[in-house]
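Undergrad: Have a look at this one.
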Amino acid sequence: MPLSQGLSGLEAVAEKLDAIIKLMFECEFKLNSQAIRAAEEYPEVLARTRYLFVEHSRPSNALKHLLEEIPDIFLRRRFKSCVPSSYSLKSTKTSAEGSAAVFPKADKTPWEAPVFALKRLQQEVKKVWVERMIFTQNRQLLLHVAFLVVVLYVAAEIVGMDLCIVSRDALQQALRTRLVEEEWEPANGYMEIATPSNWWQWAEGPLLDAIYEPTLPTWDKKGKLKSSDDNVSSRFPLLGGLAFAVSQPRLRMFGTLPDEKHLGACSYKPGTQRLGRNGESCFSFFDANVELDEALEQDVPVSSATAAYAFDYKARAKGWLHVEAPVIYGHQAYYPGTGGYIAGFPKDPAAGEEMLHTLRNSSWLSQNTRAIVLEFMAFSASDHHSHNLLATVRLLAEFTPTGAVMCSGHIRAVRLWLYRTSRDFVRAVLEVVWVLAVCLQFRSEVRQLATAFQRDISANRRTSSGFLAQFYRVRRGIADYADVHFNLIDLGHFHVFIWLIAVHTLSLAYTAHVDWDDLFEADNTDRSTRRDLSTAAVAIQMAEIRLFLLGVYVMLSFLTLLDRMRVRESLHVLIIEEMFKKIFTFLIVMSVCVLGFSFTAFFSRLGGAQGPMGGRASGLIGEIDYEKAYNSDPRFGVVFCIISFMVLPVLLMNLLIAIMLEAYAAVKDYAAARFCYLQLVAYSDYTRSHDEYMGLVVHPGVTHWLALGV
């Protein structure tokens, strides 16, 4: 890039100036901060001077010596302390028109300057960085790895599982195998329920077997065998006595009123009359406005007291701070966390079997029924490190007005009591270390953001004044800060941490306001018990949100580790970052195509009754379900699958490979220039902080984002 390209009409002068500068550097002239300061009014001359110095400086170690002594020369920084206060450039300024015509605008980013693309500068900067900065960089990397170890240990303890022995998953698996995977008839588990009679088969089979699983005998410390009759407890035993139910396992039924014209199909009348005949009832999907909430009368007296209790509607109960239990989300609607027609299982297996038999014969499940929920909480103290796990079980069966039965389930084990054991004390100490480390990271990030706000003051000679000017200065500072993409990850990192602390505090507060001793031994579902259950449900929901936030925080912590690895011997992190930018537009195009095929399959039902989105997404890797499409439509289904196969996996995936291969060379060169710039910035920041610490020089609060008068 010769200087003549930047001096319109002065090509001969520019070429002579290039030759003079080359000769000076070949004769071992030095480039110092005074020269940079004198040339800062002319960015093109300054950039060209740097470029020629890297190409023609002699001797061979002159460039390395310059980088070691004055690294800021190649960065857009001021040298206010290098020039006497009496020095002025007014006599060298050109007119505004001439300056605008001769000198073009600066590069968008500092590393796009041509000098950073020179291999010699990249090699010398790498040598200086390895000799002077490798120890400091490795120390920062090891500190972050140690921080990650602390985060992983604390997260594993809060979740309730070890890195090797998965206690939490074992409890969830035990409940899932007994309730969901147990077959009520060959090859049919809970998720295969298709009719109301199938649900009764499951309830009278796997459900009763799981709830009333025989308690295993126990050998005492003296080697004597105690039978299950000797282990009588006031609690409700589960999993062979290895866990206990919090309160009773219970069924809750929700129904709707017939012919209620508030919403749904019942409110729609084509013309003036319904297609159905007189006496035929219409039911809507579940909604609070059409909910059946009256006591159900029985023609035949119900002999079981627990079954009779199930025909009385129970109002919703609010827990601590008047908060209701979280709603239950289903395929067709969402259902209240408390209330409904509740059938609690007694501790006697014979009484529980009789209750189910009575409910089935008394039309507890009817055309009005929209959903039945099996829910209970199981406490297990027999895990590997006394995590005191509490698993919540919620199995939902929705009975739609059109006759379909849609089943879904939620089984999740969490820790609510976090500060009771000696291991909890160790974790609490590490939590304090975690908080202090985050505070130090936050202080560093605030410093970066504060220095970015100084750009308007340091880069321009005129100090802005007024509210509007200050507003635009702050906006530019935020924009400069956000230009570094890892800064956005750091901001997300801190926001997630704040939310994690808030949710953690709420979970502990709700847990403390539950009378667990009474709840463990409760054998009914009266109003006070339902209030405690609502509070416990909110505490469990907070604990589940805490698990999600912990997962997000750990992911962001690992991404922050990539930020520490950017300025090292490898270019892979920067190449991955730049390649993602290159294919971002293609990913949007691919998403549009996937959504188009998905909605086509959804509305035409060519992909089956459900799940077209996942089917089209799996089509990207060549998984095309021809059989389902053929069963949907023998003609158009197969044609649709062939077109999907040609467009999604063949065309789009091969186009993605071609784009990545084409962009790799350009991205590699761009990443090498940016890598050189980041290494130089890291070394410059290190030398500045070291000099300030030693009291050698006091620099203004500027960083590598500050422009040099451009």
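The values are calculated or read from the model by the stated rules, or taken from the named source; none is laboratory data. Keep in mind that this is a model prediction, so the values were computed, not measured. Note: ideal-geometry Cβ built from the backbone for every residue, glycine included; neighbour counts use all protein chains shown. With ligands, DNA and RNA removed, areas are computed over all heavy atoms of the protein, side chains included. Shrake-Rupley method; radii C 1.70, N 1.55, O 1.52, S 1.80 Å.
Undergrad: How much solvent-accessible surface does K318 expose, in Å² to the nearest 10, with a 1.4 Å probe and all protein chains in place?
TA: 100 Å²
Undergrad: Net charge within 14 Å of M406 by Cβ-Cβ distance, Lys/Arg positive one each and Asp/Glu negative one each, not counting M406 itself?
TA: Values: positive: R370; negative: E192, E398.
Around M406, the surrounding residues sum to -1.
Undergrad: Which pairs break 28 Å Cα to Cα here: K64/K668; K119/K582; K318/K347; K64/K581? Working shown, then result.
TA: Numbers: K64/K668 24 Å; K119/K582 24 Å; K318/K347 26 Å; K64/K581 33 Å.
Listed pairs above 28 Å: K64/K581.
Undergrad: Express in Å², to the nearest 10, the accessible area of E185 obtained by rolling a 1.4 Å probe over the protein heavy atoms while all chains stay in place.
TA: Accessible surface of E185 is approximately 70 Å².
Undergrad: Still on this structure, I have one more. For E131, E204, write out the residues from largest to smallest accessible area, computed with a 1.4 angstrom probe and no ligands counted. Don't skip to the end; give the middle numbers.
TA: On the way: E131 110, E204 75 Å².
The residues order as E131, E204, largest area first.
Undergrad: Between L436 and K126, what is 0.36 nm times their sequence separation minus the Cα-Cα distance? Round to one decimal in nm. Intermediate values should be presented prior to the final figure.
TA: Numbers: separation 310, 0.36 × 310 = 111.60 nm, distance 3.35 nm.
Here the segment from L436 to K126 would lengthen by 108.3 nm.
Undergrad: Heavy-atom accessible area of D312 with all protein chains present, probe 1.4 Å, nearest 10 Å²?
TA: Surface accessible to solvent at D312 totals approximately 70 Å².
Undergrad: Another one. Subtracting the Cα-Cα distance from 0.36 nm times the residue separation, let me have the gained length for D348 to K64 in nm, one decimal.
TA: Details: separation 284, 0.36 × 284 = 102.24 nm, distance 8.55 nm.
Extra length available between D348 and K64 comes to 93.7 nm.
Undergrad: Ignoring ligands, DNA and RNA, how do T369, T687, T195 rank by accessible area with a 1.4 Å probe, largest first?
TA: Working: T369 0, T687 30, T195 55 Å².
Descending accessible area places them as T195, T687, T369.
Undergrad: Say each of L216 and L141 gets a label point 7 Å from the Cα, pointing the same way as Cα to Cβ; how far apart are those two points in nm?
TA: 4.8 nm
Undergrad: Same structure, new question: Protein chains only, probe 1.4 Å: how do I489, I73 rank by accessible area, largest first? Write out the running numbers ahead of the final one.
TA: Details: I489 40, I73 0 Å².
Solvent-accessible surface, decreasing: I489, I73.
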